[in-house]
Amino acid sequence: MKKKKIILIIGGHDPTSGAGITADIETAGYFNYHPLSILTCSTIQNTSKVIKVNKMPNNYIYSSFKELIKEFKIDIIKIGLIPSIRSSKEILKILENKKIKNIPIIIDPIINSGSGRKLVFKNNINFVVKNLYPKALLLTPNKCEYNIIKKIHKQHSTENIKNILITDYKLKKNHIMLKLIESEASNEKEFNIKKFSKIYHGTGCTFSTAIACNISDNNSIEKSIAIALNYMKKVIEVSSIEGKKQFLLNRSLY
């Protein structure tokens, strides 16, 4: 049996299991990865709205990492919701730790919830754009998040953000266009996926984790995106659990 690689997932908890760290764990399992997980926050929410975001205790994030790294060799890191400056600073300590040097880092920037609630405030966005995002191999923002990041990034032009995948660059009648911007090579590439009529919860979390697992399997970023898009199409097609506002994804495909 092929030995499982290990993905460290850092993100928030969604009690519907539609998004957040549960979505990451399920996706990692499908791609035969063992997930280590560190919560940045817990939330009170359903598929209609986010009621409350509860931050984790001081030093919880970094202390958890220090204990995990004593026993496990991490192959890739995926980061989701970072709700506060305090959590951002703890994650920065993780990313600067020598034991994870050269490990690929994928960050899914989450600023607002699907229902429109602001989850990350301006001072924290400024901090992560300047200090965390340049350490990532790939960012996977939606178009709204990308525009916010781009505006802030101009203020810190000496810091380099390597690769950005805008997940909804153009919305067409039957397809969603995605754009990959590779800053070091000055390349851009577009991808597309079928546009479904229903609204699905947690597509961003699922998609970015699928990309992360495939990058860790030594695929190029472009190939990893293509594999992840094919996975997303299948996941959506077999999804049947419906909340009041959104469907939940069937990430196991059975």
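Observations
- The range 179-214 versus the range 9-48: alpha-carbon centroid distance in Å: 18
- In nm, spacing of pseudo-spin labels at Lys4 and Lys198 (7 Å Cα→C-beta vector): 2.8
- Long pairs among Lys52/Lys89; Lys73/Lys143; Lys101/Lys195; Lys99/Lys130; Lys173/Lys234; Lys70/Lys150, criterion Cα-Cα beyond 30 Å: Lys73/Lys143; Lys101/Lys195; Lys70/Lys150
- Relative contact order of the range 130-178, pairs being alpha-carbon contacts under 8 Å that are 6 or more residues apart, as %: 41
- In percent, rounded to a whole number, the relative contact order of the range 58-163 is 26, using alpha-carbon pairs under 8 Å and six or more apart.
- Highest mean packing first, where packing is the average number of other Cβ atoms within 10 Å per residue, the peptides 129-137, 21-29, 67-75, 202-210 line up as 202-210, 21-29, 129-137, 67-75.
- Across the range 48-123, the fraction of Cα-Cα pairs farther apart than 13 Å, rounded to a whole number, is 71%.
- Cα pair count fraction exceeding 27 Å, expressed as % - the chain: 31
- Residues Gln155 and Tyr254, FRET efficiency given R0 of 41 Å [Cβ-Cβ distance, rounded to 0.05]: 0.30
- Against the compact-protein benchmark of 2.2 N^0.38 Å, the Cα-based radius of gyration of the range 1-109 scales to 1.06.
- Each principal axis of the Cα cloud of the range 108-254 was taken in turn, and the coordinate range along them, longest first, works out to 46, 35, 29 Å.
- Using a probe of 1.4 angstrom and keeping all protein chains present, the accessible surface of the range 1-133 works out to 47 square angstrom per residue.
- Per residue, the range 186-254 exposes 52 Å² of accessible surface when a 1.4 Å probe is rolled over the protein heavy atoms with every protein chain present.
- Note on Ile76: accessible area approximately 0 square angstrom, rounded to 10, probe 1.4 Å, nucleic acids and ligands left out.
- Share of carbon and sulfur in the accessible heavy-atom surface of the chain [1.4 Å probe, %]: 50
The values are calculated or read from the model by the stated rules, or taken from the named source; none is laboratory data. Source: prediction; values computed, not measured. Neighbour counts are summed over all protein chains in view; Cβ atoms, including those assigned to glycine, are modelled from backbone coordinates with ideal geometry. What goes into the accessible areas is simple: the full protein's heavy atoms, side chains included, and nothing from ligands, DNA or RNA. Shrake-Rupley method; radii C 1.70, N 1.55, O 1.52, S 1.80 Å.
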